[in-house]
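The values are calculated or read from the model by the stated rules, or taken from the named source; none is laboratory data. Not measured: the values here are computed from a predicted model. Using ideal geometry, Cβ is built from the backbone for each residue, glycine included, and neighbour counts are taken over all protein chains shown. These area figures cover heavy atoms from the full protein model, side chains too; ligands, DNA and RNA do not enter into them. Shrake-Rupley method; radii C 1.70, N 1.55, O 1.52, S 1.80 Å.
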Amino acid sequence: MNFKHKYVFLLPGLIVLIGILIFPIIFTVRLSLSGWNSFNPGLDFIGLKNYIRLFTDDPRFWQSFFRLSFLAITTVFLQYIIGFALAHMVWKDIKFKRFFRVLFLIPMMTTPVIMTVIWRTFFHESLGPLNDFLSIFGLQPPWLSSPGLAKVSIIVVEVWQWTSFMFLLMLAGLLSLPKEPFLAAAVDGASPFKKFIYVTFPLMAPISIGAIIIRLIEASKIMDTVFVLTSGGPGTSTETSSFFIFIKGLREFQMGYAATASFTYLIIMIISLTVIVKVLTKVLMRE
Amino acid sequence: MSLLLNKISFKPTEEYHLNDISLKFDSGKMYTILGRTLSGKTTLLKTIAGLQTPDSGSINFDDTDFLSIPVWKRNVAMVYQQFINYPHLNVRDNIAFPLKQRKMDENLIESEVKEAMEKVGLIGFESRKIQELSGGQQQRVALARSLAKKAKILLLDEPLVNLDYKLREGLREEFKKLFNVSDESNSILIYASTDPLEAMQLNGNIIVIDEGKILQSGTAKDVFENPATAKVAEITNDPAMNINKCLIQDNSLIMNDSVQIQIPDQLKSIPNGKYLVGIRATDIYLDDQGFAFDVEISEISGSETFLHLRNNNLKCVATIEEVKTYNTNEVVKINFDKSKIYLFEESGELQHSPYQ
């Protein structure tokens with residue numbers, strides 16, 4: 001067998017892999033060891049200075065990271081609960097089943113950035129319809145300019161935008177479940193509620209884990225919502241990791257430092273998602 | 001205590017799935033519902049279990065209106081034709097499932113599960129996953145679950161039909177023992193089957209159902225000896241009883257131009273006219289002086305041979321007590337055991353049975 005042919009056939013795939021994955025990662029690592037900024041563009045070598053600065057002298061990065069963790073876990077948790085509930089609702093034969101199934105999918109078919117612009121208008125403190133309505137009760141909450149409420153606004157928009165996706169995954173999962181265990185459970189004396197707890201939920205565990213992980217990975221990149229809705233404000237109170245990296249790299253042009261933050265973020269995400277998968281598997285699958 | 005079905009009808013489409021069914025089941029007894037596929041057996045069991053609501057009629061158990069009780073509150077257990085278990089639980093938890101729903105004490109559950117597993121021979125498989133079991137073992141798990149529940153009504157919907165021959169024989173033997181055990185618990189046992197042989201072997205009360213209607217109910221012996229109609233005679237025999245049109249005239253029974261037999265003594269009192277004649281496949285034997293029939297198909301079944309025979313428009317199946325290969329279109333000479341002839345009216349009702 002001529003081994004040269006093997007490499008010829010592998011080459012196109014390898015080129016793509018090196019071009020879009022391996023090279024950027026290696027370049028990011030190299031970049032993170034340089035002091036590239038708008039005054040000194042170029043790949044000089046400054047050792048671990050950027051890393052030392054990130055770990056010892058930059059609470060803003062860590063704040064944005066913990067804020068991101070909070071937002072991601074909260075939104076995905078809410079999406080899972082609401083998405084599962086909606087899917088369960090239209091899973092059985094109810095009236096207008098098809099209508100509801102399509103209705104619940106509409107948010108997913110909209111463009112997130114444009115929808116966020118609409119949400120921003122909706123939340124606007126003096127011109128928005130929400131406060132116009134709340135003024136009947138004498139309320140004028142500062143949806144986007146108070147640090148706490150701004151986070152709530154982001155959670156609302158994220159949940160609205162992505163629950164459909166969770167709904168779709170959970171409905172597909174429910175429809176793929178075998179019918180027989182439910183027949184057996186009914187005869188075995190399980191009430192509808194117990195049937196959910198002891199049969200539906202455990203049978204859905206593998207699908208739930210998959211759906212939660214997909215959404216967690218997506219949610220940890222929260223960027224467009226923050227960018228359009230609050231631009232990280234007020235102050236830095238809604239800034240997430242990706243938004244912080246974006247500001248450092250593409251607004252302040254501290255390319256080297258942004259690369260350091262990116263690479264650190266990547267490592268932390270890989271470790272924490274691995275741990276989360278393990279924990280979820282243990283809790284949901286009881287293994 | 002008894003379970004009373006009163007005028008149950010279920011008609012989801014154009015055809016009746018259950019048509020005006022009234023039955024009485026007494027506790028501590030065993031009933032076999034015998035019928036062909038799609039005759040309404042499963043629908044009837046599901047209706048009793050509560051998985052299906054009939055269009056009309058009432059079900060009473062122990063003087064309570066059963067139809068107003070939702071399925072999970074009725075004290076019934078059911079084993080299905082397909083092996084239905086909980087794929088996410090191991091064998092032990094599968095069997096314990098109905099007991100846990102009742103919030104039974106953990107220690108009690110443990111002993112009940114162990115007892116049920118011993119009965120069906122599953123000891124040693126407690127922590128196996130369902131997917132790691134063979135079909136027969138999966139059905140044993142389902143059976144153990146229904147036994148552990150100690151339900152007042154135990155429904156078995158063709159539980160053996162999807163198993164291979166050997167397992168079926170083995171489990172059927174065990175069924176008999178299990179049923180005797182459950183007799184003590186005073187539960188009602190209802191077993192649906194398509195196989196007449198199985199129904200006879202289980203030796204309980206037989207209920208013959210066809211197209212959603214009850215055709216006859218009675219003991220195995222009764223249904224076998226005195227089938228109420230020609231249809232019952234077909235359903236309760238395997239191979240089905242040969243039913244053919246015939247004419248009784250001047251002391252001879254005419255099936256067609258060439259097959260005519262002298263009327264035996266016990267049929268002498270029957271008036272002339274058109275009838276249906278019923279002869280069991282086992283009551284046909286080879287006879288050199290008999291009638292010539294062409295072989296259409298011959299099948300060897302264990303120690304017997306089934307011959308599908310034809311004489312012009314007259315068709316019948318004969319069981320020959322030997323293993324022999326017959327060629328298609330080969331001519332064989334057969335005769336009928338005249339003392340075992342059944343006569344039915346043209347409309348199907350029994351006119352004469354040799355056991356009367």
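The condition of being hydrophobic (A, V, I, L, M, F, W, C), closer than 26 Å to residue A:31 by Cα and modelled with pLDDT under 90 holds for only one of A:222, A:267, that being A:222.
For segment B:30-81, a residue qualifies if it is aromatic (Phe, Trp, Tyr), open to solvent by 20 Å² or more (accessible area, probe 1.4 Å) and within 14 Å of chain A (Cβ to nearest Cβ), and exactly one does: B:72.
Quick check on segment A:206-227. Is at least one of its residues among the charged types (D, E, K, R), away from every other protein chain (no Cβ under 14 Å), in contact with a helix residue (DSSP H, G or I) (Cβ under 6 Å, 6 or more places away or on another chain) and surrounded by fewer than 16 Cβ atoms within 10 Å (Cβ to Cβ)? Among the residues of segment A:206-227, at least one is among the charged types (D, E, K, R), away from every other protein chain (no Cβ under 14 Å), in contact with a helix residue (DSSP H, G or I) (Cβ under 6 Å, 6 or more places away or on another chain) and surrounded by fewer than 16 Cβ atoms within 10 Å (Cβ to Cβ), which makes the answer yes.
Of everything in segment A:236-253 that is open to solvent by 10 Å² or more (accessible area, probe 1.4 Å), touching a residue at least 12 places away in the same chain (Cβ under 8 Å) and not charged (D, E, K, R), the residue that is nearest to residue A:148 (Cα to Cα) is A:237.
Every condition in (1) under 19 Å from residue B:28 (Cβ atoms); (2) surrounded by fewer than 16 Cβ atoms within 10 Å (Cβ to Cβ); (3) touching a Pro at 6+ places or on another chain (Cβ under 7 Å) is met by residue B:131 except one, and the failing one is (1).
Contact annotation: residue pairs with Cβ atoms under 7 Å, 6 or more positions apart or on different chains, pairing a residue in segment B:62-73 that is closer than 16 Å to residue B:154 by Cβ with a partner that is open to solvent by 70 Å² or more (accessible area, probe 1.4 Å), are B:62/B:1.
The set of residues in segment A:163-181 being more than 9 Å from every other protein chain (Cβ to nearest Cβ), open to solvent by less than 20 Å² (accessible area, probe 1.4 Å) and not hydrophobic (A, V, I, L, M, F, W, C) consists of A:163, A:164, A:173. Whether a residue is within 14 Å of another protein chain (Cβ to nearest Cβ), at pLDDT 90 or above and open to solvent by 50 Å² or more (accessible area, probe 1.4 Å) was assessed, and residue A:201 passes this test.
Can you work out which of the residues in segment A:19-42 that are touching a residue at least 60 places away in the same chain (Cβ under 8 Å) and among the polar types (S, T, N, Q) is nearest to residue A:266 (Cα to Cα)? Among those that are touching a residue at least 60 places away in the same chain (Cβ under 8 Å) and among the polar types (S, T, N, Q), it is A:28. Note on segment B:88-99: residues that are open to solvent by 40 Å² or more (accessible area, probe 1.4 Å) and at the interface with chain A (Cβ under 8 Å from one of its Cβ atoms) total 1.
Filter segment A:96-113 down to the residues that are open to solvent by 60 Å² or more (accessible area, probe 1.4 Å), within 17 Å of residue A:226 (Cβ to Cβ) and touching a helix residue (DSSP H, G or I) at 6+ places or on another chain (Cβ under 9 Å) and list them by number. Once the filter is applied, which keeps residues that are open to solvent by 60 Å² or more (accessible area, probe 1.4 Å), within 17 Å of residue A:226 (Cβ to Cβ) and touching a helix residue (DSSP H, G or I) at 6+ places or on another chain (Cβ under 9 Å), segment A:96-113 yields only A:113.
Looking only at segment B:1-45, residues that are within 26 Å of residue A:189 (Cβ to Cβ), touching a residue at least 40 places away in the same chain (Cβ under 8 Å) and not in a loop (DSSP other than H, G, I, E, B) come to 21 in all. Open to solvent by 60 Å² or more (accessible area, probe 1.4 Å) and part of a helix (DSSP H, G or I): is that true of residue A:67 in this structure? When the stated conditions are applied, residue A:67 does not pass them. Selection within segment A:187-198: residues that are more than 7 Å from every other protein chain (Cβ to nearest Cβ) and within 16 Å of residue B:88 (Cα to Cα). The member of this set that is most open to solvent (accessible area, probe 1.4 Å) is A:198.
Note on segment B:100-112: residues that are open to solvent by 60 Å² or more (accessible area, probe 1.4 Å) and facing chain A (nearest Cβ under 7 Å) total 1. Looking at the structure I just gave you, is residue B:13 away from chain A (no Cβ under 14 Å), farther than 26 Å from residue B:102 by Cα and open to solvent by less than 10 Å² (accessible area, probe 1.4 Å)? In short, no. Of all residues in segment A:83-90, none satisfies being free of Cβ contacts under 8 Å to residues at least 12 places away in the same chain and more than 21 Å from residue A:176 (Cβ to Cβ).
Here B:335, B:329 are screened, and the one residue that is open to solvent by 90 Å² or more (accessible area, probe 1.4 Å) and either part of a strand (DSSP E or B) or farther than 23 Å from residue B:221 by Cβ (or both) is B:329. When residue B:163 is tested against (1) in a helix (DSSP H, G or I); (2) under 21 Å from the mean Cα position of the chain (by Cα), exactly one condition is not met: (1).
Checking every residue in segment B:333-343 against the condition of being more than 18 Å from residue B:255 (Cα to Cα) and modelled with pLDDT of 85 or more gives zero matches. Within the set A:184, A:259, the sole residue that is more than 16 Å from the chain's Cα centre (by Cα), open to solvent by less than 10 Å² (accessible area, probe 1.4 Å) and within 14 Å of chain B (Cβ to nearest Cβ) turns out to be A:184. Scan segment B:113-122 and tell me whether some residue there is more than 10 Å from chain A (Cβ to nearest Cβ), assigned to a loop (DSSP other than H, G, I, E, B) and either out of contact with any His (no Cβ under 7 Å at 6 or more places or on another chain) or under 21 Å from residue A:182 (Cβ atoms) (or both). Scanning segment B:113-122, I find at least one residue that is more than 10 Å from chain A (Cβ to nearest Cβ), assigned to a loop (DSSP other than H, G, I, E, B) and either out of contact with any His (no Cβ under 7 Å at 6 or more places or on another chain) or under 21 Å from residue A:182 (Cβ atoms) (or both), so the answer is yes.
Each row is one residue, and each column tells you yes or no for (1) under 30 Å from residue A:275 (Cβ atoms); (2) open to solvent by 80 Å² or more (accessible area, probe 1.4 Å).
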{"residue": "A:4", "(1), (2)": "no, yes"}
{"residue": "A:26", "(1), (2)": "yes, yes"}
{"residue": "A:91", "(1), (2)": "no, no"}
{"residue": "A:117", "(1), (2)": "no, no"}
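If a residue must be within 17 Å of residue B:122 (Cα to Cα), away from chain A (no Cβ under 14 Å) and either in a loop (DSSP other than H, G, I, E, B) or modelled with pLDDT under 85 (or both), how many such residues does segment B:136-159 contain? The total comes to 1. With respect to the conditions (1) assigned to a helix (DSSP H, G or I); (2) more than 20 Å from residue A:266 (Cα to Cα), residue A:94 falls short on a single one, namely (1).
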